Amino acid sequence: MNIIQKVTDYRIIQGGHCETGGVASIVTNHGFDLSEPMAFGISSGITFFYMPLVRIWNNPLISFRMAPGAIVRGVQKRLGMQFVIKRYKDKEQAMKELDELVDSGQPVGLQVCLSYLTYFHPDFRVYFNAHTIIIYGRDGDEYLVSDPAFDKYTRINREPLIKARFAKGVNAPRGFMFYPVYLSSDVDYKSAIKKAVKSTVSMMLQPMLNFVGIRAINTVARRIEKMHKGADIKQVRNFLTHIVLFQEEIGTGGGGFRYMYAAFLQEAFDRLKIPSLLEASKMMVGVGDLYRKAAVSCAKIIREKQKVYDLKIIADQYRECARAEKEVYLLLKKIDWR
Amino acid sequence: MKVNEVPQDGRQAIGDTTMINYAVNENGKIVPVQSSGWDVQILAVHNLADTYEEWAAEAKERVRNNQSSPIEYFMYHYGLDLPTLAQQMGLSQRKVKKHMKPEVFEKLDDEILGQYAGLFQIDVSEIKNFKKGLA
């Protein structure tokens, strides 16, 4: 199935997360049925990173998913699709090619910086580079936008769009653009899901580095506990805010993507009928609940601005998340794929 | 999380929209559910904004006491931090820090100030007259 056909009526498919939602939305609009959880799981998008050296908003980078761009590349590799993926140095060139594509009826996905997107609420226009939007048309100087995080169509002017595409800093978009050119009509889901799950399991259970996978969750828990001594309440609140933001606010589908991954495991079960996948999916929902609970505890400390605070509880809650999540991956590891 | 447990607190920080949460429905299927907002998220977003405002206020005080330059104030006021500002400007962090010294700031030419102003999306005169406005 080669897709050169135009997409005339771009349907909004709202997603929990911008990049997975964006990829699923653009591909589905081309007639290839791909759900957001499937896009997320099949590209091994779930992860846990804790990088004290990379700073975002004056705090260490905590990520519940792979770096921007990984999902597009993962989907293309595992599902036998072909995307055109480009970065640009030259702004004019980038905008010219965008115009040509959009005018020819080809919706295009872009990585952008949040703080220049005029349709966001001013309170939330923070400096965050890893957002994905779909441009599906043009009206004079305005671009028609389907933002996967929004439930309605929006618009953006040319000037802010250029700025958003070429913002700098951590995860700078550098004009990142993608659109599908080829969609395979028969996909071997079994081998794709197998590869995706295996790669996720080996990353999350890796024993070497303390800033990747389950070990990283424990590192964060330790870091929270350590703050109990000496750190002033403001610092504590900032760090907890940071965790909550990355876990819930930046579009994770809730529970730091864990619910979304559970949905993927369920869909995988529907296709392959391997009982362990369903079991793992149910366990993963439980893990998501644990993350939600921990976020509520964080919120309590952020809200009450109290002098006496117990960080041990939160640290233990995150350890509990790590433990429960590890169980899921151990179960997935044992699956006999034959 | 069950479908009926998806928070519906009526306010989303990102703008006029709902957000998707994945939750388990009565048949055990995990489905996307629109959430109108969650207070925990709102709280975190507001705390982030407050933190930057606080830093900006502290920087303002330092400018008043001649310990810093308006660039530090505007940096926090517009939600940036040092690494990001430096990268946006195409300068090293050391250099930007230098520009935050009052005596160095006084000598900056209009070109560099213009670059800062363009980044903050304000007028150059606003940066220049910031200190006068404080007195």
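The figures follow:
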{"read-out": "DSSP-defined beta bridges in chain B - what % are antiparallel, rounded to 5", "value": "75 percent"}
{"read-out": "For residues of A:245-251, the mean tally of beta carbons on other chains within 10 Å", "value": "5"}
{"read-out": "Region A:21-59 and region B:11-65: distance between their alpha carbon centers, rounded to Å", "value": "20 Å"}
{"read-out": "Distance histogram in 10 Å bins (all Cα pairs of region A:1-133, percent per bin)", "value": "11, 37, 38, 13, 2"}
{"read-out": "Under the Debye formula (equal points on every Cα, no solvent term), log10 I(q)/I(0) of region A:1-78 at q = 0.11, 0.16, 0.23, 0.25 Å⁻¹", "value": "-0.36, -0.65, -1.04, -1.14"}
{"read-out": "Exercise: per-residue mean of other protein chain Cβ atoms within 10 Å, A:50-57", "value": "2"}
{"read-out": "10 Å-binned pair-distance histogram of region A:175-229 (Cα, whole percent)", "value": "19, 24, 26, 21, 8, 2"}
{"read-out": "Neighbourhood net charge (15 Å Cβ-Cβ; Lys/Arg +1, Asp/Glu -1) for A:ASP33", "value": "-2"}
{"read-out": "Surface/4 estimate of mean projected area, convex hull on alpha-carbon atoms of chain A, nm²", "value": "17.0 nm²"}
{"read-out": "Relative compactness, region A:189-333, computed as alpha-carbon Rg over 2.2 N^0.38 Å", "value": "1.14"}
{"read-out": "Set of lysines with alpha-carbon distance to B:LYS2 below 20 Å, sequence-local pairs under 8 removed", "value": "A:LYS282, A:LYS293, B:LYS29"}
{"read-out": "Shielding score for B:79-88, defined as the mean number of other chain Cβ atoms within 10 Å", "value": "6"}
{"read-out": "Share of carbon and sulfur in the accessible heavy-atom surface of region A:189-333 [1.4 Å probe, %]", "value": "57 percent"}
{"read-out": "Set of lysines near A:LYS91 by C-alpha distance (under 16 Å), chain-local residues within fewer than 8 positions excluded", "value": "A:LYS163, A:LYS168"}
{"read-out": "Solvent-accessible area buried by A and B, counting both chains, probe 1.4 angstrom, square angstrom", "value": "4000 Å²"}
{"read-out": "Proximal charge balance of A:ARG155 [Cβ under 14 Å; K/R count +1, D/E count -1]", "value": "-3"}
{"read-out": "Peptide ranges B:100-108, A:315-323, A:28-36, A:294-302 listed from the most packed, as the mean C-beta count within 10 angstrom indicates", "value": "A:294-302, A:315-323, A:28-36, B:100-108"}
{"read-out": "Highest to lowest packing among B:31-38, B:16-23, scored as the average C-beta count within 10 Å", "value": "B:16-23, B:31-38"}
{"read-out": "Stokes-Einstein diffusion coefficient of region B:44-134, Kirkwood radius over Cα pairs, 10 °C, 1.306 mPa s, in µm²/s", "value": "121 µm²/s"}
{"read-out": "Cα shape, region A:137-260, gyration tensor, a/c 1.5 rule", "value": "oblate"}
{"read-out": "Relative packing of B:1-11, A:62-72, which averages over residues the other C-beta atoms within 10 Å, highest first", "value": "A:62-72, B:1-11"}
{"read-out": "Amide H contacts under 5 Å for A:ARG138, placed H, 5+ residues apart", "value": "A:LEU144"}
{"read-out": "Qualifying lysines (Cα of each under 24 Å from Cα of A:LYS77; at least 8 residues distant if same chain)", "value": "A:LYS6, A:LYS86, A:LYS190, A:LYS194, A:LYS195, A:LYS198, A:LYS273, A:LYS333"}
{"read-out": "Principal-axis tilt of helix B:110-120 within chain B, Cα atoms, nearest 10 degrees", "value": "10 degrees"}
{"read-out": "Local electrostatic count, B:GLN88, Cβ distance below 12 Å [Lys/Arg +1, Asp/Glu -1]", "value": "+1"}
{"read-out": "Projected-area mean, region A:275-336, by convex hull of Cα positions, square nanometres", "value": "4.1 nm²"}
{"read-out": "Estimated FRET transfer efficiency (A:LYS226, A:LYS333; beta-carbon r; R0 35 Å; 0.05)", "value": "0.65"}
{"read-out": "Chain A: angle of helix A:275-304 to the longest principal axis, Cα-based, in degrees nearest 10", "value": "70 degrees"}
{"read-out": "For region A:194-267 and region A:269-338, distance of Cα centres in Å", "value": "9 Å"}
{"read-out": "Computed over region B:44-134: relative contact order in percent, which uses C-alpha pairs under 8 Å that are six or more apart", "value": "26 percent"}
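The values are calculated or read from the model by the stated rules, or taken from the named source; none is laboratory data. It should be emphasised that the depicted structure is a prediction, and the values quoted were computed from it without experimental measurement. Virtual Cβ from ideal backbone geometry, glycine too; neighbours counted across all protein chains shown. The protein model used for the area step is the full one, side chains on, heavy atoms only, and it has no ligands, DNA or RNA in it. Shrake-Rupley method; radii C 1.70, N 1.55, O 1.52, S 1.80 Å.
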